[in-house]
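The values are calculated or read from the model by the stated rules, or taken from the named source; none is laboratory data. This one's a predicted model, so the numbers in the text were calculated from it and none came from an experiment. A quick note on method: Cβ atoms are made from the backbone with ideal geometry, for glycine too, and the neighbour counts reach across all protein chains shown. What goes into the accessible areas is simple: the full protein's heavy atoms, side chains included, and nothing from ligands, DNA or RNA. Shrake-Rupley method; radii C 1.70, N 1.55, O 1.52, S 1.80 Å.
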Amino acid sequence: AEQALVELEAAGLGHLEEGRLVLRHPLLRSAALAGMPAQRHRDLHRRLAEVDGLAPEVRLLHRAHATVGPDEALADGLIQAAGALRERGGPEAAARLLDRAVELTGDEDRRWRARIDAADALAVSGAARAARHRLRAVQDSGPAEDLRTETSLRLAWLDALGGDPLGAW
């Protein structure tokens, strides 16, 4: 462990701060988080949701990641925050909020709608390939006929635009 710390510090990837290892590179942080047990990961999100210095949407997302099971009120908050983020020009962040809302709602129709809205947000952000992938997954999963039709139209719309984010907007 001591040799690993020496190498991390020498490479500028991490250091000890008040007895805790601070990893600077996002891939290292992701790897460290991936190895955590689910309960510890939820506890970390719960603690981050209480940090006053974070943006309200970020705190809401941490709260959502700390929650297990359906929570319609929290899903409402995520969907509303996603709409506000899209209006302010944050479509990728909006898609992340909508993805979590999908996991927290128990309403199947609402789940399909949030998936489609997340794909829209990705299209506007310039991630047309990811948007197409999401829409095809919705289409293949068998939502209600009206949502399947809407999904087909959106896929055609993305193809017609050639993935142009301004056109998607």
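In the stretch 1-81, if the dipole is taken from +1 on Lys/Arg beta carbons and -1 on Asp/Glu beta carbons about the Cα centre, which of His25, Leu78, Val68 is farthest to the positive end?
Projecting each Cα onto the dipole axis, the largest value belongs to Val68.
Once amide H atoms are placed 1.01 Å from N in the peptide plane, what residues at a sequence separation of 5 or more from Leu21, or on another chain, have their amide H within under 5 Å of its amide H?
For Leu21, no residues qualify.
Counting only residues 5 or more places away or on other chains, whose amide H sits under 5 Å from the amide H of Gly14 once H atoms are built in the peptide plane?
Sorted by chain and number, the residues that satisfy this are Glu9, Arg24.
For the chain, what is the accessible area per residue in Å², given a 1.4 Å probe and the full set of protein chains?
Ligands and nucleic acids excluded, the figure is 60 Å² per residue.
In the full protein assembly as shown, how much of Trp112 is accessible to a 1.4 Å probe, in Å² to the nearest 10?
Rounded to the nearest 10, that gives 20 Å².
Counting Lys +1, Arg +1, Asp -1, Glu -1, what net charge surrounds Arg132 among other residues with beta carbon under 11 Å of its beta carbon?
The answer is +3.
Expressed as a whole percentage, what fraction of the accessible surface of the stretch 10-155 belongs to carbon and sulfur atoms when a 1.4 Å probe is rolled over the protein heavy atoms?
So the carbon and sulfur contribution to the accessible surface is 52 percent.
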